[in-house]
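The values are calculated or read from the model by the stated rules, or taken from the named source; none is laboratory data. If you're wondering where the values come from, they're calculated on a predicted model, not measured in any experiment. Cβ placement follows ideal geometry from the backbone for every residue including glycine, while neighbour counts extend to all protein chains displayed. Calculation scope for accessible area: heavy atoms of the full protein, side chains included, ligands and nucleic acids excluded. Shrake-Rupley method; radii C 1.70, N 1.55, O 1.52, S 1.80 Å.
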Amino acid sequence: MDDDDADYMQGSEDEDYGFDYSDDPGDETGSADVENLYYTAKSKKEDNPEQALKEFRAIVDQEQEKGDWGFKALKQSTKLLFLVLHRPAEAIKTYTELLGYTKSAVTRNYAEKTINSILDYVGGGKSGPVEVNVLERFYEATKAALAEAKNDRLSAKTNLKLAKLWLDRKEYNRLSKILKELYTSTIGESGEDQAQKGTQLLEIYALEIQMHNERKNYKKLKEIYNASNAVRSAIPHPRILGVIKECGGKMWMGERQWNRASEDFFDSFKNYDEAGSPQRIQVLKYLVLANMLTGSEVNPFDSQETKPYKNDPQIKAMTDLVDAYQRREVHAAEKILRDNKATIMDDSFIKSYIGELLRSLRTQYLIDLIKPYTRLELAFLSKQLNVDTDEVEELLIGLILEGKIEGRIDQVAMRLELESQHSLQRKRYSALDKWTAALESIHTTVIGKNHSGARGDYGFGMGDGFGSGSDRW
């Protein structure tokens, strides 16, 4: 029994066929003859596909009314025509004919599994590249049949499958059209299952957010990301949440909000891990990158969720990079990046932030390097960092402006002159003196105002008490 028959038998367990069994032995003989014809044709699929196709057609033609053997014969014919004989136009015809059987000839569960199976290999590229118009014809035929059968659930699933195909093929105009249809399908009656609608809505958001991420439309991406976070009544597959959080992390990285990116990448990793998706490894790399950019001293592999992947061959380079970063060993980090291009630098997203990471690491290295000195040549610092003097000068200017070092750059002599500790103390005491003088000035002003107010009150009181003295005497 192959997969096709296994699906059929599995489908029979889920529903009652409602068949009326006959006592006429002729029915059993006829059924046995058709079954023999079916398996005989099936045995010729590999050695003589053309003959097998003719025999499958004979089974369909001799049926007086649509039945399960005709359905299975059409299923095999579609598979042969599309995957083996590479005649998609004819495959569409047999598939369209098969869809007519889904109304009553077979169980709904088995029909859905068959439709999904066919659409999977049509869009999966098993027989090589598939033209866009061929894909559209398969899906249009499916959607028409499902609309006639009023199978809204499978219709939505079919549209989601097609949307995923357009996303993979970067057919964004077609994808946008399907997304509009999908959004319309989520606007149901108030009595419908809100959790199911919420789950479907998150699947749509996951597709749209990937489209905006690939098109670098971060404004729309943020809108969809915020909308997805507002969905409450949903029970989504963890892979869907993994996709949304991954794109959210990339969005925060673009805004240089490293901490928020790190949080989203961690959530994405956990969801991908729960779903068993291989994307968890890639997202774990993003998590490590974001964590280093935050400047955190916490090792991302110390958590219970990430620790099992610490020695994974694809992650080992990132683990070594974290160690080099925390030890401020800029040269070791550069060597790791050079030696592991396949696992680190081949990812365009990681590559776009490596410059930022190295800048952060060189900055920390520079701060540690200049601590014992009061004067250093830029050429010396350039040699230590293995970068040109212009980059060294740029790093130093940034540190001076941020107040991380006290000093100035002599651009004539190309020298960094740091202020001595005594000079820094004098500046500190001078600042304290100014602060004290300002406080004394405020104190004097407040006291002066209070005294002025008190004299005014006293004078008014004297007027009331003694101004009518003649009357008293």
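The table below lists the values:
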{"read-out": "Filter result for the condition that a residue is in the same structural domain as Gly398 (by the TED database) and out of contact with any Leu (no Cβ under 6 Å at 6 or more places or on another chain), over Leu321, Leu381, Leu358", "value": "Leu381"}
{"read-out": "Residue that is surrounded by the fewest Cβ atoms within 10 Å (Cβ to Cβ) [pool: residues in the stretch 290-337 that are of a type in the set (D, E, K, R) and outside any loop (DSSP other than H, G, I, E, B)]", "value": "Asp302"}
{"read-out": "Spans of helices (runs of 4 or more DSSP H) in the stretch 31-100 with at least 1 residues more than 20 Å from Val134 (Cα to Cα) and in contact (Cβ under 8 Å) with a residue 24 or more places away in the chain", "value": "49-62, 68-79"}
{"read-out": "Test: Lys449 is under 30 Å from Thr363 (Cα atoms), modelled with pLDDT under 85 and open to solvent by 70 Å² or more (accessible area, probe 1.4 Å)", "value": "no"}
{"read-out": "Criterion (at pLDDT below 85, aromatic (Phe, Trp, Tyr) and open to solvent by 30 Å² or more (accessible area, probe 1.4 Å)) met by exactly one of Tyr353, Tyr373", "value": "Tyr373"}
{"read-out": "Residue tally, condition without any contact (Cβ under 8 Å) to a residue 40 or more places away in the chain and assigned to a helix (DSSP H, G or I), over the stretch 250-265", "value": "11"}
{"read-out": "Elements of type helices (runs of 4 or more DSSP H) contained in the stretch 119-214, each with 1 or more residues being modelled with pLDDT under 90 and among the β-branched types (Val, Ile, Thr)", "value": "132-149, 172-185, 194-214"}
{"read-out": "Pairs, first over 12 Å from Trp258 (Cβ atoms) and among the polar types (S, T, N, Q) in the stretch 283-299, second assigned to a helix (DSSP H, G or I) and at pLDDT below 90, C-beta under 8 Å, six or more apart", "value": "Asn299/Val322; Asn299/Gln326"}
{"read-out": "Sole residue being without any contact (Cβ under 8 Å) to a residue 40 or more places away in the chain and closer than 22 Å to Lys270 by Cβ, chosen from Ser303, Ser348", "value": "Ser303"}
{"read-out": "Some residue of the stretch 247-267 being under 21 Å from Trp166 (Cα atoms) and either open to solvent by less than 50 Å² (accessible area, probe 1.4 Å) or among the hydrophobic types (A, V, I, L, M, F, W, C) (or both)", "value": "yes"}
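Here's the yes/no breakdown for (1) under 26 Å from Lys285 (Cα atoms); (2) over 18 Å from the mean Cα position of the chain (by Cα); (3) of a type in the set (Phe, Trp, Tyr):
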residue: Ser155; (1), (2), (3): no, yes, no
residue: Tyr183; (1), (2), (3): no, yes, yes
residue: Arg239; (1), (2), (3): yes, no, no
residue: Glu246; (1), (2), (3): yes, no, no
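Listed here are the residues, each with its yes/no results for (1) more than 28 Å from the chain's Cα centre (by Cα); (2) surrounded by fewer than 18 Cβ atoms within 10 Å (Cβ to Cβ); (3) not polar (S, T, N, Q).
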{"position": "Asp346", "(1), (2), (3)": "no, yes, yes"}
{"position": "Asp368", "(1), (2), (3)": "yes, yes, yes"}
{"position": "Glu391", "(1), (2), (3)": "yes, yes, yes"}
{"position": "Leu396", "(1), (2), (3)": "yes, no, yes"}
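Residues are listed down the side, and each one gets a yes or a no for (1) surrounded by 18 or more Cβ atoms within 10 Å (Cβ to Cβ); (2) of a type in the set (D, E, K, R); (3) modelled with pLDDT under 90:
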residue: Arg57; (1), (2), (3): no, yes, no
residue: Glu63; (1), (2), (3): no, yes, yes
residue: Ala73; (1), (2), (3): yes, no, no
residue: Val84; (1), (2), (3): no, no, no
residue: Glu90; (1), (2), (3): no, yes, no
residue: Glu97; (1), (2), (3): no, yes, no
residue: Ser104; (1), (2), (3): no, no, yes
residue: Thr107; (1), (2), (3): yes, no, yes
